[in-house]
Each structure stands twice: as C-alpha cells, then as structure tokens.
1. Mind listing the Cα extents of the range 324-537 along all three principal axes, in Å, largest one first?
2. Students often forget the sequence filter, so: which lysines lie under 18 Å Cα-Cα from K522 once same-chain residues fewer than 8 apart are removed?
3. Put a dot 7 Å past each Cα toward the Cβ at D304 and H3; how far apart are the dots in nm?
4. Given a cut-off of under 8 Å on Cα pairs at least six residues apart, what relative contact order in percent is computed for the chain?
5. Longer than 30 Å from Cα to Cα, which of K261/K529; K604/K686; K20/K85; K257/K278 are they? Say none if no pair is.
6. Which FRET efficiency, nearest 0.05, do E197 and Q471 yield, Cβ-Cβ r, R0 25 Å?
7. What is the range 551-613's relative contact order, in percent, from Cα pairs under 8 angstrom and six or more apart in sequence?
8. Quick check: the distance between the Cα centres of the range 482-516 and the range 589-612, to the nearest angstrom?
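What follows is calculated from the coordinates using simple rules that are stated; it is not laboratory data. Every value quoted in this text rests on a predicted model; they were computed, and no experiment measured them. Note that each Cβ is placed from the backbone with ideal geometry, even for glycine, and that neighbours are counted across all protein chains shown.
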Amino acid sequence: MSHKISLKINNRTLSIEIGKIGKQADGSALLRYGDTIMFVSATSKKEAKEERSFLPLIVDYRENTYAAGKIPGGFFKREGKPSDKVILLSRLIDRPIRSLFPEGYFFDTQIVALLLSADLENEPDTLGLIGASAALYFSDISFTTPLGAVKVGLVDSKFVINPTVSELEKSPLNMVIAGTEEGIVMIEAEGIEIEEEQIIEAVNTARETINRIVQAQKDLFSRLKIKKRGFELKAIDQTKQKKIEKEISADLLEAIKAKSKKSSEEETKKILNDLLEKIPEENEEEINETKQIFTDIQKRMVRDLILKKGKRADGRSFDDIRPISIEVGLLPRTHGSALFTRGETQCLATVTLGTFEDVQRLDGLGEEDEKRFMLHYNFPPFSVGEVSFLRAPGRREIGHGALAEKAIQPAIPDEESFPYTIRIVSDILESNGSSSMATVCGGVLSLMDAGVPLSMITAGIAIGLVKENGQYALLSDIAGLEDHFGDMDCKVTGTEKGITAIQLDLKIPSISLDILKEALLKAKEGRLKVLTKMKEALPSPRSELSPHAPRIITLVINPEKVSEVIGPAGKVIKKIINQTNAKIDIEESGKITIASSDMESAEKAKEMIREITIEAEVGKTYTGKIVRLEDYGAFVEILPNIVGLLHISEVAPYRIKNIRDKLRIGQVVRVKVLDIGEDHKIKLSKKVLEKDSHRSDEFGREPRKKSHLNSHRYDGKKF
C-alpha cells in the first residue's frame, strides 16, 4: 500500500510517494516536482563485518536520457560511464545523509537514485536528497533523522526557493541547503561575490521550507508506525581502554604534537605497533579491538587539546594560517604555472590556453553544449606517502576539482573579450589538509601568470569545528588531523568583496545558524590573509600571454558573406587554411575566429578573409576596374566581387553624349561611393573627385585643360 506526501513550494507541488515502486528494497520513494520525477531506493544488509569501524555507504545517482526524450549520442546507444555531473550529484546526496546514521552503524548500505523524467526547468538535485531521506526513514533501517533540502537563488535582489533553470541563469547565487529540525547539515553554493550576510539570510530563508519538508515526513512516519531494526553497538572494554591510555598517553601526545605530519605518523604508528606486538597474531578480535581503542584515544586527545587546553596539535592559535610560499612561472614551456605551498599542503597548478577546437563537448541532460573553462584535480598517492596504482580520477578528485572550478569561474573573462579555451590542472604534490583550497589559490596564480585578464582574484580557506558538551571551537586552515578527528569541514572561497563558492560538510548531525555565521566570518578573515600573500607574489595578471600560447583573432562579417568565405565545397576556406596553417571557425552569425601558433599567420588569414568579405562604404574612395559598359553608364569592380554603377552623369563635370568616348572596359578609375541602396546597389561618382572645378558651356563642350607645364609652375615646382 502506497502513501503520499504533498506540499506546495514556490507555487509548485512537491510530492513524495512511499511504497509505490521498488518494493523489494528496504525503502523506496517516488518524488515529483513539476514534471521532474525521481525514484530513490535504500537497501542495507543486516549483518556487518566485525572488523569494520566505519559506515560502508554507497550512493549512486543515474540520469536516464529517456527522461528528457533523448537518445544517447555516440556509437553505443545506451548510457555509458557516469559523467562528472552525475558523480557530483551522487556525492551531494551522500554527504548530508552519511552524518545522520547512528553511531556504530557499520552495515553495508546503498542508495540508488534514478532520474525518470526531466522537465529541464526543475533541477533534480534536491529531489535526490529528500528522496534518500524518505527511502531510509520509511524503512526498517536504523535511520531516524529525516532531512529536507532546497535550492536558493537570488533573482532581482530577492531570495527564491527552488528557482527554475531559467531563473538561475539570472541569479548570482546558486545554493543547495540540506537541514534537519535541529539545524544545517550541508551547504553547496556557488556565487558571484556574495556577501557573508547574504549567505546567512539565504540559509535563514530556506529554513522554513526545510522544516516543512521534514515535518511532512515525520507526520506520515507517526501514522505508519514503522518499526526500526535494532543493532548492537559494540562495547569497548573500559578497563582495557584505561590501561592502554595510561600506557601510551604521554608518548602519543608528543607524537600528535610532532613538528611534521610525516614524523607524527611514524611516531604514532610505532606506538600502535608496540601495542599490537604484545597480542598473538591469531587473536584477530583483540587486535581489532586494540586498534579501535587506540584510534579513540588519539581522537580524544586531539579534541581535548583543542577544547580543554585551547591549543592545536601544530601549536597554532585557532585563527592562525600555516606559512605560505608561492612561486610563479617556474615551468618555461607551459602557458602559466604556479607552485602554491601552505604548510605541508602543496599544489602545482598549470594553465593551458587552447582554441575553439579544444572546448569540452557535453551530452548530459540540461547541460550546456560546450565548456570552455575546465579544472582538473589530481591526487597522486605519493602526496600522502602512500603506494598505489595511478588510475582514473575518483569521486573525491572529481568533487575537489569541481569545487575549485566553481570558485574560479566568476573570474574567467567572457569569450568575447578572451576567446580562449582554458584548462587548469592541479597536481597535489603534498597534502596535509585543504588541498582543494590550495588548488583555488594555485589555479588563480597560474591564470595570472598566463596573462589571463581575470575580473577578480579568488582565494580559499577551510574552517574546522570541534564541538561537544556545549563547547565548540572553530579552526582556521585545518590540517589533516583536525579534519579527520573534527566535526566540520567548511570550505569557503571568494574575493575581497564576497564569496564565490562554499562546501560545508559535517560529521555531527547539524550546526546552528550562529556557528555558521561565525565560521563564514572567520573564513573571510583567513581568505583576506591568503589574498594578501598571493598579491605579494603576483599583484595582477601579466600584460602579455606566454609566447607559447596560440594567438587568436576574432572578426565579425556580414552573415550573407559566410558562404563566400567557405566557397563551393569549402574550397575557399580550405585554401586559406592551407596557405596560413591557421585554425578557422566560422559561425552562421558571421563571427569568425582565427587561431594560429604565431600572430603573423593569424593576421594573414584575417586579411585573406577581409579581402573576400570587405564591403563598400558610403563616402569612401576606391580604385576599381571597369568590367562592363552600357549606354547609361559603366560598372566598376571597386572590391573583389563588388561592383557599382558609375552613371554617365557622374563620369565628368560636364555632359557626355557617348560614355565609350571617355571610358573603356579594363580601364582603372578612381571613384567615390555616393549611396548604397536597400537592394545593395552601389552608386558611384568620378566627377566629384576631379581636382579642378569644371563647368561645361551651354553646348556641353569640355573646357580646355591646363598644360602640364602650367600645372607644375602653379605648384611652384620646376619642370
């Protein structure tokens, strides 16, 4: 038997139907908003592997192209590997849901979200979040805290809940907020220099709708009386824990406070190995228990150091940012490069400037056809001292790259003013926290080194949180240990004026609006410090592009001339390309883009196109050849393939009876354009260019010309 929830959000109905389809799953939900429909299922095993100490949660979102009436492009006519967009939406669902499972729930759990119908106006991301909550909540899985999610835009200076795609195009803010009754769980935002106060106002505006979505789920749940499956939280032997804590505390504290991440990890590992050596190898259960006790003690010591002693493991104050060093232009053959180091996190960012042929072509639902700015983030294993195969980017790498790309996107000049395809590659060479924020800083510096005329300079910082028993501490520029054992990772990027991106994730159920506001203000303070360091290294983009970057020229011609530039079967454009080795892109609108490795070739191609497409201008003088004679006048080719009429009355400043007495085919004459009609017929004149003012007599006879000798004498020159 199915059950349905319906509520109005921004004049559209959100419906959540439970138990209609996918009934073999532990829980399922069918959601509709406008004509966008999504199905979400939740399934969880009833047995857990004993050695696990984490939640093995799998979230898979999939877009079926039939949802928008499309057949997949390419050779294989079925959906292929997930696109970056699909992976990012899977992560968006995963992040807030994961923190709401009860402590100690280590059972394999999978959420599958399928987009069944897409109206391309109501985006599916918030449906995935609400659907995951409903599928889990209305099942026997031990998930008891439902959440709501909305998107917030800023249209005509007013906050709009769940704006349509067309409204978002006009909005400088695009923010997804997930929350429970208690507070905020997750934020994913991109914007154009949005002030911190506006972000807080947007979140506050979203709270009312989020609470309505949560309450609707709770009301139905109370009527259905669903019984949740129980699970045993494995108890730790307190006597053993106290014994181990007493034995290792002093040494472990020194290891935690070690000067470098590497030495800290080595000392910590030695302490753990000394404990494990005392346990027989065959006693696997005791080994696993000891590892868990050790991790719990380490976590407690890191958090107590912060909350009780007001100190951080590396000795910094809560507001301190690790030392920053910057080197730009270190790679001679790249178009731009920067090495950004903050503490023990190091990013090598490179920029490549490409042509119109290098754009990324997309074939997803609701995606733009082409993408001219890309940022790719790589996290090789050596960056954290590990050994593993180099493989295709994982979800984490795609997520970090997308965040940095969103952060920098508002600074990228438009195609009209800078007609380049831009690719940033961020290689993380060393990592101890906030490598995505180092990518933002390094990426911007490499763009400036490449001479890209950025409209703003962006930096990023990560803020951490440790919160328990009514106490909390916010930490600027969190290191790896603080991220691992802390409760929040709030990444904020922006300029001196405002925010360009936010990614907030929690390991606790929620935070209050007051803590969020404090975190954003702390992030602003840290961001300004980083921006100062960046501007010290490179105050502004370089005035010239790298000599190794392609040269691009853009010109606009009359759309009616496009066919002439292309020529029959493309002969004309092929000839230009062969003679100049330039890349040429012609649009139906008349926009032509020319790209070449050197400016001389690009200019040559431009001139060849100009010769074909140049048009006559009224009032301008041309030297042309007579191509045809008629009794009423002469047709003069003043430009390639452009012919105007020199009427017999405009040949001379006196009357002419027979035009053939004065002009002949093939003769070169100077003429002036008098007028161009709506039918593109050109009227020419020769007589207006005569140096001397002649007047024919009443019989139409031509006056006697001055001799050449007299002319030179008049000019005061010797013959």
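1. 58, 43, 41
2. K311, K467, K491, K497, K533
3. Taking the simple label geometry, H3 and D304 are separated by 4.6 nm.
4. On the way: 1445 pairs, mean separation 66.7, N = 719.
Worked out over the chain, it gives 9 percent.
5. Values: K261/K529 24 Å; K604/K686 32 Å; K20/K85 28 Å; K257/K278 26 Å.
Flagged as over cut-off: K604/K686.
6. Numbers: r = 26 Å, r/R0 = 1.06.
Efficiency, rounded to the nearest 0.05: 0.40.
7. Working: 90 pairs, mean separation 27.8, N = 63.
Computed over the range 551-613, the figure is 44 percent.
8. Cα centroid to Cα centroid, the span is 49 Å.
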